[in-house]
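Following: one structure in structure tokens, then a few remarks.
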Amino acid sequence: MSSLAVRQAEPVAGSTPGTPQGRPPLRRRIALIPTVTLLLGAIYCLLPVAWVVMAATKSGRELFSTFTFLPGTGFADNVRDLSAYRDGVYWEWMGNSALYAGLGALLSTCVSAISGYALATYRFRGRETIFNVLLAGVLMPPVILAIPQYLLLAKADLTDSYLSVLLPQILFPYGVYLARIYAAAAVPADVVEAGRMDGASEWRIFTRIALPMMIPGMVTVFLFQFVAIWNNFLLPYIMLSDDEKFPITLGLFTLLEQGANTPALYTLVITGALLAVLPLVALFLVIQRFWSLDLLSGAVKS
């Protein structure tokens, strides 16, 4: 009798003492919570993308009559109709977005690199004050600055021009912040001092020594600013009135407004939204190799 009681009290092989047989331990169940949360977040983010991809393949009739996530047969016709709409104005909008985002991100990256390097390397009065002001600019929503920027550019008679969209994008406070942090970590002070002892000018030290070390960080700044300008809607909406200067976001918005009276334009809007995402995906795939090279170089140096 006593031996039977002892055998019943012994835990089953493979189970944790103190837990019911067949149920995973509490620690393992808690560890699944972040995974499930990430899966739900991924589904939440990817469902709209899947809908756009599927809807872009449907004709106007299929869009409202077939299952949501069932592909259609009208993608080629949609692209053809979109290209023919108003003699190809969609591609003008795409080119304008490439101009605003490409040139604006490039100029912004240059300003961020110079400013961040100066704040990280030089010691001067008011340096921390300037940096704190930049941090305040990072926390300030761009919506608050849109109207003052419009009033300033209107005084200079620059509204409804390409410069009215480009100029406000050149100073990127978050880019300056990232550049300062990256320059302080990636550019050793001994290297800068060695360049000065060799007789190099400050500009030569920056362009030949510091900037190559900062390239991976500046690629990140370029990508952030490019995506921000490409997706920007409010600033072009306030600044521009000529639709031939519209970026893709504002052009698709006007096309969507016309779709309220012409439902056939809905398929063009959806197809245009899908095509507008492809340059961002391509840019990310091209730029990510710089991060890989930086990781490899860091492993070699270590």
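The values are calculated or read from the model by the stated rules, or taken from the named source; none is laboratory data. Source: prediction; values computed, not measured. FYI the Cβ positions are ideal-geometry reconstructions off the backbone, even for glycines, and counts take in every protein chain you see. Note: accessible area is taken over every heavy atom of the protein model, side chains too, but ligands, DNA and RNA are not part of it. Shrake-Rupley method; radii C 1.70, N 1.55, O 1.52, S 1.80 Å.
Here are some notes:
- Residues of the stretch 118-135 satisfying the condition of being open to solvent by 50 Å² or more (accessible area, probe 1.4 Å) and without any contact (Cβ under 8 Å) to a residue 24 or more places away in the chain: Tyr122, Arg123, Phe124, Arg125, Glu128, Thr129, Ile130, Asn132, Val133
- Exactly one residue out of Ala56, Ala98 is surrounded by fewer than 17 Cβ atoms within 10 Å (Cβ to Cβ) and of a type in the set (Gly, Ala, Ser): that is Ala98.
- The listed residue being in contact (Cβ under 8 Å) with a residue 60 or more places away in the chain, in a helix (DSSP H, G or I) and open to solvent by 70 Å² or more (accessible area, probe 1.4 Å), out of Phe222, Phe226, Phe206, Phe284: Phe284
- Residue among Thr159, Thr73, Thr109 that is over 27 Å from Pro236 (Cβ atoms) and either over 27 Å from the mean Cα position of the chain (by Cα) or of a type outside the set (Lys, Arg) (or both): Thr73
- Unmet requirement for Asn232, which otherwise passes all of (1) outside any helix (DSSP H, G or I); (2) under 15 Å from Thr109 (Cα atoms): (2)
- Failed item in (1) in a helix (DSSP H, G or I); (2) open to solvent by less than 80 Å² (accessible area, probe 1.4 Å); (3) of a type in the set (Asp, Glu), with Asp160 passing the rest: (1)
- Boolean, Leu152 is open to solvent by 40 Å² or more (accessible area, probe 1.4 Å) and assigned to a helix (DSSP H, G or I): yes
Results for (1) within 12 Å of Thr267 (Cα to Cα); (2) without any contact (Cβ under 8 Å) to a residue 24 or more places away in the chain, shown as yes or no for each residue.
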{"site": "Ile43", "(1), (2)": "no, yes"}
{"site": "Leu46", "(1), (2)": "no, yes"}
{"site": "Ala55", "(1), (2)": "yes, no"}
{"site": "Gly60", "(1), (2)": "yes, no"}
{"site": "Phe64", "(1), (2)": "yes, yes"}
{"site": "Phe67", "(1), (2)": "no, yes"}
{"site": "Gly72", "(1), (2)": "yes, yes"}
{"site": "Asp77", "(1), (2)": "yes, yes"}
{"site": "Leu82", "(1), (2)": "yes, no"}
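- Among the residues making up the stretch 255-273, those that are open to solvent by 30 Å² or more (accessible area, probe 1.4 Å) and either assigned to a helix (DSSP H, G or I) or closer than 28 Å to Leu166 by Cβ (or both) are Leu256, Glu257, Gln258, Tyr266, Ala273.
- Residue in the stretch 179-194 that is under 20 Å from the mean Cα position of the chain (by Cα), within 30 Å of Leu240 (Cβ to Cβ) and either surrounded by fewer than 16 Cβ atoms within 10 Å (Cβ to Cβ) or at pLDDT 90 or above (or both) present: yes
- Of all residues in the stretch 101-117, those satisfying the criterion of being open to solvent by 30 Å² or more (accessible area, probe 1.4 Å) and either farther than 14 Å from Ala179 by Cα or among the aliphatic types (A, V, I, L, M) (or both) are Leu103, Leu106, Leu107, Val111, Ile114.
- Residue match in the stretch 31-47 (condition: surrounded by 10 or more Cβ atoms within 10 Å (Cβ to Cβ), at pLDDT below 80 and either touching a Ser or Thr at 6+ places or on another chain (Cβ under 8 Å) or of a type in the set (A, V, I, L, M, F, W, C) (or both)): yes
- With respect to the conditions (1) open to solvent by 70 Å² or more (accessible area, probe 1.4 Å); (2) at pLDDT 75 or above; (3) not in a helix (DSSP H, G or I), Gly22 lacks only one, and its number is (2).
- Only a single item in (1) at pLDDT 95 or above; (2) of a type outside the set (Ser, Thr, Tyr); (3) within 24 Å of Ala186 (Cα to Cα) is not met by Gly126, and it is number (1).
- Every pair of residues 6+ apart whose Cβ atoms lie under 9 Å, when the first sits in the stretch 239-251 and is assigned to a helix (DSSP H, G or I) and acidic (Asp, Glu) while the second is modelled with pLDDT of 90 or more and crowded, with 23+ Cβ neighbours inside 10 Å: Asp243/Trp93; Asp243/Leu250; Asp243/Gly251; Glu244/Trp93
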